[in-house]
1. Using alpha carbon centroids, what distance separates region 90-123 and region 167-183, in Å?
2. Convert each backbone phi in region 235-248 into a coupling constant with the Karplus relation 6.51 cos²θ - 1.76 cosθ + 1.60 (shift: θ = phi - 60°), then list the ³J(HN,Hα) values in order as whole Hz, x for Gly and Pro.
3. May I ask which of Lys119/Lys209; Lys12/Lys143; Lys135/Lys188 have a Cα-Cα span longer than 29 Å here?
4. Ordering Arg190, Arg220 by accessible area with a probe of 1.4 Å, largest first, what comes out?
5. With all protein chains present, how much of the accessible area of the chain (probe radius 1.4 Å) comes from carbon and sulfur, to the nearest whole percent?
6. Can you list which of the DSSP-assigned H helices in the chain have a Cα extent of 20 Å or more along the long axis and an average Kyte-Doolittle score of at least -1.0?
7. Using only the heavy atoms of the protein chains and a 1.4 Å probe, how would Met240, Met210 rank by accessible area, largest first?
8. Give me the percent relative contact order of region 1-65, please, defined on Cα pairs under 8 angstrom at least 6 residues apart.
Amino acid sequence: MLKEITVNEALKKGRAKLVYLPMFVTFAIIILSIVLSTYEIVSSWIILIGFVAGFLCGWLTWSYFVNKWKIWAFGNVRNVRELKRKAIEQKLIWKDDSWFEKTEFKSLEQKTKLKSLEKKFLEKDIYQDDINVPKETIIFYSKTSLVFLLVISIGMISIGVYFLLEKDYYMSILIVMGLYLCYDQIKKLRDNNPQITINAKGIKLKNEKMVSWNKIYDERVFTQKGGRNSTNYLAFNDEMVDIGDLTIKFEELEKLLQVYRVRFENQN
């Protein structure tokens, strides 16, 4: 019997084939065009062609491998709903019926295999209890992270003051940004209340009543990217909580959601 592949193992292989490989192809072609132009082997216009060809070939690489990965991953992973959701969040694949999905290379054989795998998505994802998870988990602000950010804020203020003394008023905006960040970090450092409490009964956020698991839907931990920055969130129902400054890691919180949900269902 073949070993069942975990969601994280499938995502790791997906990133290699659907992110890193297309990026390598893209930049390899761009760099090659720049080298050819630099050594005057061909005219400088090759750089423009290199950029266009690089991105096109990168996209074609993704289009070629995406359905190969889907068939392998959905065929070997038990919790295909979780896998698909995370693959979309990590931009490995696109949502069904999106324009980008229509650019995938898909042979008749692949269409047949993907169609046969659709029945797996009718099954509920299965999770198991873990005796290493306590009866209740209380999550606070991380003092270490906040102190680190506070030091950075003070540094921004110091740099801003230096530029202000040098009569560079434009860069003095760092003072305003630093003061705001200092205020925010100090406010959080003084807050010793639990920010999130999770147990077999449900999830409780700060200053709110506990929400029972039977009233919770679409609970998940995900990363939202904006430019070069990314933020990790806990989301359920209409709530979305930034967990970046908390004493919990992405994978740990995800595990807690699964275990406490299982415990609730086993008790009810």
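The values are calculated or read from the model by the stated rules, or taken from the named source; none is laboratory data. Note that the structure is predicted; figures quoted are calculated from it, not measured. Positions of Cβ are generated from backbone atoms using ideal geometry, with glycine treated the same way; all protein chains shown enter the neighbour counts. Just the protein is used for accessible areas: all its heavy atoms, side chains included, with ligands, DNA and RNA removed. Shrake-Rupley method; radii C 1.70, N 1.55, O 1.52, S 1.80 Å.
1. Region 90-123 and region 167-183 have Cα centres spaced 49 Å from each other.
2. Coupling constants for region 235-248: 10, 7, 6, 9, 8, 8, 10, 6, 9, x, 9, 9, 7, 8 Hz.
3. Numbers: Lys119/Lys209 38 Å; Lys12/Lys143 31 Å; Lys135/Lys188 26 Å.
From the list (Lys119/Lys209; Lys12/Lys143; Lys135/Lys188), the Cα-Cα distance tops 29 Å for Lys119/Lys209; Lys12/Lys143.
4. On the way: Arg190 195, Arg220 55 Å².
The residues order as Arg190, Arg220, largest area first.
5. Numbers: 10750 of 17570 Å².
C and S fraction of accessible area: 61 percent.
6. On the way: long enough: 21-38 (25 Å, 2.36); 46-76 (43 Å, 1.04); 143-165 (33 Å, 2.09); 173-189 (24 Å, 1.15); 250-267 (26 Å, -0.74).
Membrane-span-like by this rule: 21-38, 46-76, 143-165, 173-189, 250-267.
7. Working: Met240 100, Met210 70 Å².
Ranking Met240, Met210 by accessible area, largest first, yields Met240, Met210.
8. It comes to 39 percent, rounded to a whole number.
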